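Remarks on the structure that follows.
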Amino acid sequence: GVGGRGVPHSSPPWGGAGRPLGRSAASGGYRRYAWTGADADCRLWFRMQAEARRLDVETDRNGNQWAWLGDPTAGDAVVTGSHLDSVPDGGAFDGPLGVVSAFAALDELRARGASFRRPLAIVNFGDEEGARFGLACVGSRLTSGQLTKEKAYELRDADGITLPQAMEAAGHDPETIGEDRERLDRIGAFVELHVEQGRALDLSGDAVGVASAIWPHGRWRYDFHGEANHAGTTRLVDRRDPMLTYAETVLAARREAELAGAVATFGKISVEPNGVNAIPSLVRGWLDARAADQDALDAVIAGIETAARDKAAAHGVDLAVVRESFTPVVEFRHALRDELVRLLGGKAPVLGTGAGHDAGILSASVPTAMLFVRNPTGVSHSPAEFAAEDDCVAGVLALADVLEGLACH
Ligand code: GLV
Ligand code: MN
Ligand code: MN
């Protein structure tokens with residue numbers, strides 16, 4: 001079945017009684033990481049949904065799934081979709097809402113009796129969140145050439161499994177990954193619907209909005225090397241404690257972000273040897289930083305690193321900083337953005353976001369646009385993420401209007 005060798009999926013994959021795929025009973029959040037059994041379940045679900053609608057399904061060289069209505073090679077296709085993978089203990093909407101809404105919008109267009117003058121595709125991009133291998137948007141970065149095969153082969157998960165090994169174990173041939181101009185050249189417009197990850201729509205009182213821009217953002221790994229020693233017997237003055245430097249760096253990140261009107265987060269950490277009664281030898285922390293413009297982001301990054309180096313020197317700690325990924329600012333194409341606003345009756349609010357998306361990656365190569373659906377709490381990357389059913393329906397109808405305007409007679 002889908003998923004192939006080595007990746008068992010639970011059966012039936014969608015549980016019959018509506019059991020959510022990849023959901024942790026303990027946390028209530030989703031753990032759908034790239035090339036795992038839960039990912040295989042999602043891919044099978046996608047294939048079943050596509051086949052039930054008589055769409056032609058293909059998995060491209062980079063593991064992205066496409067469901068086609070019309071000739072994929074005809075060119076100028078209208079593509080919609082998002083991703084089905086999740087962050088650790090993610091919510092139900094980030095990603096899946098865009099894929100589910102795409103299928104539902106197609107149903108709506110068929111119910112309207114629409115006839116298509118351009119090919120239409122629904123896409124499930126692989127590994128958008130980067131939860132397992134540390135780099136976000138791997139599927140769309142590979143396809144657009146922003147991630148090379150060589151760099152992708154260096155990616156490893158926490159267990160040391162490389163990306164190609166994980167692909168292979170899931171039944172996907174990693175040999176042919178890399179830039180795929182041919183597939184990009186088929187796309188005339190890509191529209192991604194996504195749950196909003198802030199409260200702008202809640203505050204403006206709108207169910208649906210249109211994206212203007214994505215903040216520049218990146219991930220930096222901070223390795224603080226100190227000296228392992230006994231927690232009970234080592235005098236404070238004799239310690240080279242990397243946890244201390246790490247803690248001061250977290251505070252510096254908060255301070256620099258406040259100064260620049262940006263955001264900076266240490267959300268992941270690993271400690272060696274990770275013993276309660278041992279001073280650590282190594283603390284590794286991952287910094288996620290984002291700002292409205294490049295200058296503000298540069299200032300935040302420089303300020304945090306300077307503070308970290310000062311503290312490291314004072315504590316006898318060695319610091320190495322590695323930039324693991326970076327995505328420059330994305331201004332969505334004004335023509336397509338304005339067309340979406342027009343197709344939605346001219347009143348949809350236009351808003352920016354600090355969250356990354358495959359639409360942002362693709363926008364370097366093809367015209368892209370995004371629709372956001374109201375999130376009344378703004379909470380995302382958490383099991384508490386929410387969108388009301390009425391708003392989700394409004395999102396589907398908005399997407400159907402947009403697709404109809406772009407792809408139909
Ligand atoms: C993806 O959701 C990101 O913005 O990190
Ligand atoms: Mn996300
Ligand atoms: Mn997402």
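The values are calculated or read from the model by the stated rules, or taken from the named source; none is laboratory data. Note that the coordinates shown come from a computational prediction; the quantities given were computed from them, not determined experimentally. Using ideal geometry, Cβ is built from the backbone for each residue, glycine included, and neighbour counts are taken over all protein chains shown. With ligands, DNA and RNA removed, areas are computed over all heavy atoms of the protein, side chains included. Shrake-Rupley method; radii C 1.70, N 1.55, O 1.52, S 1.80 Å.
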Can you pull out every residue in region 269-317 that is part of a strand (DSSP E or B), charged (D, E, K, R) and more than 16 Å from ligand 1 (Cβ to nearest atom)? Glu272, Arg284
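Does Gly134 meet the test of being part of a helix (DSSP H, G or I) and within 16 Å of ligand 1 (Cβ to nearest atom)?
The answer is no for Gly134.
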Scan region 341-351 and tell me whether some residue there is open to solvent by 30 Å² or more (accessible area, probe 1.4 Å), part of a strand (DSSP E or B) and under 30 Å from Ala264 (Cβ atoms). yes
Residue identified as outside the structural domain of Val317 (by TED's automatic domain parsing) and of a type outside the set (Gly, Ala, Ser) among Val250, Val210, Val237: Val210
Restricting to region 202-230, name every residue that is farther than 30 Å from Leu343 by Cα and open to solvent by 40 Å² or more (accessible area, probe 1.4 Å). Arg219, Arg221, His225, Glu227, Ala228, Asn229, His230
Return a yes/no flag: does region 173-180 have any residue that is in contact with a Ser or Thr (Cβ under 6 Å, 6 or more places away or on another chain) and either more than 30 Å from Glu404 (Cβ to Cβ) or surrounded by fewer than 20 Cβ atoms within 10 Å (Cβ to Cβ) (or both). yes
In region 145-164, is there at least one residue being away from ligand 1 (no atom under 16 Å from the Cβ), open to solvent by 10 Å² or more (accessible area, probe 1.4 Å) and under 16 Å from Asp358 (Cα atoms)? yes
Just to be sure before I move on: is Ala388 open to solvent by less than 20 Å² (accessible area, probe 1.4 Å) and more than 16 Å from ligand 1 (Cβ to nearest atom) in the structure I sent? no
From the options Arg240, Arg199, residue that is more than 20 Å from Val138 (Cα to Cα), charged (D, E, K, R) and surrounded by fewer than 16 Cβ atoms within 10 Å (Cβ to Cβ): Arg199
